[in-house]
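The values are calculated or read from the model by the stated rules, or taken from the named source; none is laboratory data. Source: prediction; values computed, not measured. Ideal geometry is used to build each Cβ from the backbone, glycine not excepted, and the neighbour counts take in all protein chains shown.
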Amino acid sequence: MSPVVPTVTLNNGVVIPQLGFGVFQIPDDQTQAAVEHALEAGYRSIDTAALYRNERGVARAVDTSGIPREELFITTKLWNDRQGDVPQAFEESLEKLGTDYVDLYLIHWPAPKQDRYLEAWQAFESLYADGRVRAIGVSNFLPEHLERVVALGGTVPAVNQIEAHPALQQRAAQEADRRHGVATEAWSPLAQAAVLTDDVVTTIAEAHAATPAQVVLAWHRQQGRIAIPKSVTPSRIVENLASVEVTLTDEELARIDGLESGGRTGPDPATFG
């Protein structure tokens with residue numbers, strides 16, 4: 001029997017599983033198998049993006065799974081070069097995903113040098129108003145980017161998906177999210193495995209008879225973040241899901257908090273794009 005995955009209720013009432021399955025850097029021809037393994041294990045939230053070029057692979061897995069569409073939570077993202085062309089970019093993603101709506105649509109990066117993300121956000125609001133998207137949000141938005149979106153006075157983003165893991169906790173971004181009622185979702189929640197050999201993490205894992213990855217995912221969950229770990233290895237896909245059964249003490253959570261080092265694995269949102 002699959003573990004019961006907790007959920008997070010977003011600021012518009014939509015419910016998202018707190019642990020999802022990410023497909024970043026999985027080639028399209030391998031995505032179907034990976035997502036099939038994830039769905040069979042019990043994941044119901046799948047996170048992709050136009051940039052990943054594997055939306056079709058996600059669609060094939062969903063189709064073969066036989067799981068009703070309404071039982072799944074599918075996220076995709078708008079790439080930077082389409083911020084001025086949201087309606088067409090969205091239709092292209094829908095076609096590739098083989099669905100007539102997505103559960104969450106995100107602006108992938110603020111790309112501040114372009115300075116078009118506010119224009120893109122207003123187009124997102126139109127998609128949301130038309131019922132084509134159940135929730136809209138942003139990704140990689142620093143506090144200054146989020147504040148500008150909120151200042152428009154319209155829809156507040158439901159989610160801000162940011163790089164977050166023990167070595168890069170982005171506390172200012174998380175605090176801005178909390179202040180505005182935006183859920184924080186962690187991409188690269190395991191720092192591409194870089195934090196899994198840390199003595200603090202491995203010691204806590206031994207104490208719980210858990211894997212280091214399960215410990216870090218439990219840390220995310222207990223602090224309220226949504227996390228979307230990625231793996232193509234069936235055993236790790238199952239192990240990551242089982243992290244929902246691991247509960248850390250307050251002292252253990254604090255020890256992991258102490259691993260902050262500014263260890264960014266991806267681009268800096270202040271300059272990227």
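Just so you know, in the range 1-43 the residues that are under 15 Å from the mean Cα position of the chain (by Cα) and of a type in the set (S, T, N, Q) include one that is surrounded by the most Cβ atoms within 10 Å (Cβ to Cβ), and it is Gln18. Annotation note: Cβ proximity below 8 Å between a residue of the range 217-244 that is under 20 Å from Val58 (Cα atoms) and a residue that is assigned to a loop (DSSP other than H, G, I, E, B) and of a type in the set (Val, Ile, Thr) (sequence gap 6+ or interchain) occurs for Lys230/Val23; Lys230/Ile26; Val232/Ile26; Leu241/Val5. Within the option set Thr155, Thr211, being surrounded by fewer than 21 Cβ atoms within 10 Å (Cβ to Cβ) and over 20 Å from Asp257 (Cα atoms) holds for one residue only, Thr155.
Annotation note: of Gly266, Gly262, Gly258, the sole residue that is surrounded by fewer than 22 Cβ atoms within 10 Å (Cβ to Cβ), touching a strand residue (DSSP E or B) at 6+ places or on another chain (Cβ under 6 Å) and more than 20 Å from Gly42 (Cβ to Cβ) is Gly266. Listed by first and then second residue, the pairs with beta-carbon distance under 6 Å, at least 6 apart or on different chains, first residue in the range 1-25 and part of a loop (DSSP other than H, G, I, E, B), second surrounded by 16 or more Cβ atoms within 10 Å (Cβ to Cβ) and of a type in the set (Lys, Arg), are Val14/Arg134; Gln18/Arg221; Phe24/Lys230. Within the range 247-266, being under 23 Å from Trp109 (Cβ atoms) and without any contact (Cβ under 8 Å) to a residue 24 or more places away in the chain holds for no residue.
Taking the condition outside any helix (DSSP H, G or I), over 26 Å from Gln223 (Cβ atoms) and in contact with an Asp or Glu (Cβ under 7 Å, 6 or more places away or on another chain), does Gly154 pass?
Against the criterion (outside any helix (DSSP H, G or I), over 26 Å from Gln223 (Cβ atoms) and in contact with an Asp or Glu (Cβ under 7 Å, 6 or more places away or on another chain)), Gly154 qualifies.
Kindly establish whether Ala205 is surrounded by 15 or more Cβ atoms within 10 Å (Cβ to Cβ), over 22 Å from Pro269 (Cα atoms), among the aliphatic types (A, V, I, L, M) and without any contact (Cβ under 8 Å) to a residue 12 or more places away in the chain. Here the answer is yes, as Ala205 does meet what is asked. Counting only residues that are at positive phi and of a type in the set (S, T, N, Q), the range 189-214 holds 1 of them. Asp28: under 15 Å from Ala227 (Cα atoms) and touching a Gly at 6+ places or on another chain (Cβ under 7 Å), yes or no? Spelling it out, it is not the case that Asp28 is under 15 Å from Ala227 (Cα atoms) and touching a Gly at 6+ places or on another chain (Cβ under 7 Å).
Given the criteria at negative phi, in a strand (DSSP E or B) and at pLDDT 95 or above, does Ala186 qualify? For Ala186, the condition - at negative phi, in a strand (DSSP E or B) and at pLDDT 95 or above - is met.
Close Cβ contacts (under 9 Å, 6 or more residues apart or on different chains) running from residues in the range 130-144 that are in a helix (DSSP H, G or I) to residues that are surrounded by fewer than 24 Cβ atoms within 10 Å (Cβ to Cβ) and hydrophobic (A, V, I, L, M, F, W, C) comprise Pro143/Ala172; Pro143/Ala173; Pro143/Ala176; Glu144/Ala176; Glu144/Ala270. Where helices (runs of 4 or more DSSP H) sit wholly within the range 197-273, those with at least 2 residues that are among the β-branched types (Val, Ile, Thr) occupy 199-208, 212-222, 234-241.
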